[in-house]
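Peer 1: Take this structure, written in structure tokens, and hold onto it; I'll ask about it next.
Every number in this text was worked out from the coordinates using simple rules, so none of it is lab data. Keep in mind it's a predicted model, so treat the numbers as computed, not measured. Note: ideal-geometry Cβ built from the backbone for every residue, glycine included; neighbour counts use all protein chains shown.
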Amino acid sequence: MDEKTANPDVTPLGHEVFQIDTRMAGYDGITAGYLIRSDRPCLVETGTAPSAPVVRDTLARLGIGADDLATVVVTHIHLDHAGGAGDIAAMYPGAQIVVHRRGARHLADPSRLMASAKAVYGDALDHFFGVLAPVPADRIVALDDTGTVDLGGGRRLDSYYSPGHAKHHVGLLDSATGDLYTGDAAGVYIPDTGDLRPATPPPDFDLEVALATVRRFAALQPTRLLFSHYGPVAEVAQTLDRSAEEIRVWVEETRRARAAGLDLDHAVAMVVERTKSRYAAFGPEADPALGVKFDRISGSASNVSGIMYWLDKTEAQDPTG
């Protein structure tokens, strides 16, 4: 019995890389973690706090026990990517928890991060994300704008600072495979339809910074993109071109709505109407549940709100841009 058959939440990707469905809020195919089963086993992305038991049980089926995991790396500290960091740290007491330096203090003391999330999500916070438990400060490794994670046997992850989506975001390139772990910096990918949509939430979205990150990813010439939402993509150049195009389209449409003086709700409706034809997940032949799932991980309101927030900061003197 192969590992996929033994555990449907696992997809072997070759070279001892395994995609793990972390089952955010019980959904399948929304959030992925990745195990690199190298000499120093490494987990990339923890998923949410309620996902931690799912991840633990899956790692156990892949032969990784409590004393085996060497490293946990999160691309950024948003709760769908790092919300389980504290729980996973407790489950794997020998693992270092690796994060960009701008996010390190929030893993050690998540109080401000959780308060901000509570203000956004209200009572839905517990259902979707749970509570990020503190990570012991002496186990946190803070990455500079470039860094290296030792995977053992000469294999490594090279980290590259990749803001635009979040100020604490890194991309991770596997030296053995050329796989690039993109987090949210290249957007959200839906394997069911091949759709790609931007992830531009407040407060950190910045158009030029986000586009510079996509260009940086392209310059690394990865062999494959591994999306946290969701899965591997081999068409690297085409996908990164699409990522940049989607960001520009959403900014252009949001700017038009803002120039028309629309409030956020009306701006969201306008942008959704003008962009929905770009995504098969919202097409007449698509399963409606797929569109709901897509909007769950790349929410229209969140995306437009993030772009509006950036426009308000950068174009305050000229509302027409």
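Peer 1: Starting with the highest mean, order 72-80, 141-149 by the number of other Cβ atoms within 10 Å, averaged over the residues of each peptide.
Peer 2: The densest-packed peptide leads the list: 72-80, 141-149.
Peer 1: For the range 171-260, which GluC sites (Glu not before Pro) are both in a DSSP coil and crowded by at most 11 other Cβ atoms within 10 Å?
Peer 2: Working: sites: E208, E235, E245, E246, E252, E253; in loops: E235.
Here no loop site has a sparse enough neighbourhood.
Peer 1: Report the relative contact order of the chain, percent, no decimals, based on alpha-carbon pairs under 8 angstrom and at least 6 residues apart. If you can, show how the numbers build up before the last one.
Peer 2: On the way: 656 pairs, mean separation 42.1, N = 321.
Contact order relative to length: 13 percent.
Peer 1: Determine the shape class of the range 166-321: with a ≥ b ≥ c the square roots of the Cα gyration tensor eigenvalues, call it rounded for a/c under 1.5, and otherwise prolate if a/b is greater than b/c, oblate otherwise.
Peer 2: On the way: a/c = 2.30, a/b = 1.33, b/c = 1.73.
Cα axes put the range 166-321 in the oblate bin.
Peer 1: Taking θ = phi - 60°, what integer Hz values does the Karplus form 6.51 cos²θ - 1.76 cosθ + 1.60 yield along the range 223-239, in sequence order, with x for Gly and Pro?
Peer 2: So the Karplus estimates, Gly and Pro as x, are 7, 7, 9, 10, 7, 5, 10, 8, x, x, 9, 8, 7, 5, 4, 4, 5 Hz.
Peer 1: GNM, the chain, Cα, under 10 Å: largest mean-square fluctuation among Q96, Q221, Q19?
Peer 2: Checking each option, the largest mean-square fluctuation is seen for Q221.
Peer 1: To make sure I understand the rule: partners must be aspartates and glutamates, Cα under 18 Å from the Cα of K276, and not fewer than 8 residues away in the same chain. Which ones qualify?
Peer 2: The reachable aspartates and glutamates, counting only those whose Cα sits under 18 Å from K276, are D192, D195, E245, E246, E252, E253, D265, E285, D287, D295.
Peer 1: If you place +1 on the Cβ of every Lys and Arg, -1 on the Cβ of every Asp and Glu, and leave all else neutral, what size is the dipole of the chain about its Cα centre, to the nearest 20 Debye? Spell out each step's value before the answer.
Peer 2: On the way: 30 positive and 44 negative charges, 86 e Å.
I would put it at about 420 debye.
Peer 1: Which value in nm describes the separation of the simple spin-label points at R256 and E285, placed 7 Å from the Cα toward the beta carbon?
Peer 2: 2.7 nm
Peer 1: Which three lengths, in whole Å and largest first, does the chain cover when its Cα atoms are put on their principal axes?
Peer 2: Computed over the Cα atoms, the extents are 58, 42, 40 Å.
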